[in-house]
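Here's the structure we're looking at; comments come further down.
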Amino acid sequence: MGSLYQNLLPLVLLIVIMYFLLIRPQKKKEKAVTEMRNSIKAGDEIITIGGICGKVVKVKDETIVIQVGAEKLKFEMMKWSVSKVVNSEESKVSPKKARPSEDTEETTKKALPKRLKKDAEADSEEVPAAQEDSSVEDSKQE
């Protein structure tokens, strides 16, 4: 009886390891893909499994209508043919709200070439000096 358990233990252990390493992650990934495909709405930009990029115009139970190209060609596809959602309406709105205007100013300063940076710094230094001169003149006039 002890040898029977000893022979079955590696087999059972192998099945448990296979479940946690292969089956469970695959089900989790499949569930996420199904959720993504069910959450598609009009206005989302998608890529199909065939590589077609388009914008969703209409969503039905099992199919979607996408708009493709400069001619705005529309055609109907099955939902299961969607590989991924590139942009959705919600993701377009949230990054704009999250960015403060100060960060964009810093990034534009970093993007300038060295010559333009020096010129911009020189211009910004000259402006306060001119403002100081005008304030001194205003005080003299009073």
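Since every read-out is calculated from the coordinates, none of them should be taken as a lab result. As the structure is a prediction and not an experimental result, all values here were calculated from the model. We place every Cβ from the backbone using ideal geometry, glycine too, and count neighbours over all the protein chains shown.
Under 5 Å from the amide H of THR63 lie the amide H atoms of LYS79, each residue being 5 or more positions distant or on a separate chain, with H modelled from the backbone and absent for Pro and chain starts. As a ratio to 2.2 N^0.38 Å, the alpha-carbon radius of gyration for segment 1-46 is 2.09.
Based on other C-beta atoms within 10 Å, arrange PHE20, PHE75 from fewest to most. Fewest-to-most Cβ neighbours within 10 Å comes out as PHE20, PHE75. Among 27-40, 46-59, the peptide with the highest mean count of other Cβ atoms within 10 Å heads the list, and the full ranking is 46-59, 27-40.
Legend: distances between Cα atoms for LYS41/LYS84; LYS27/LYS60; LYS41/LYS72; LYS29/LYS74; LYS55/LYS84; pairs beyond 22 Å are LYS27/LYS60; LYS29/LYS74. The amide H of SER83, built 1.01 Å from its N in the peptide plane, has ILE47, THR48, ILE49 as neighbours under 5 Å, considering only residues 5 or more places off or on other chains.
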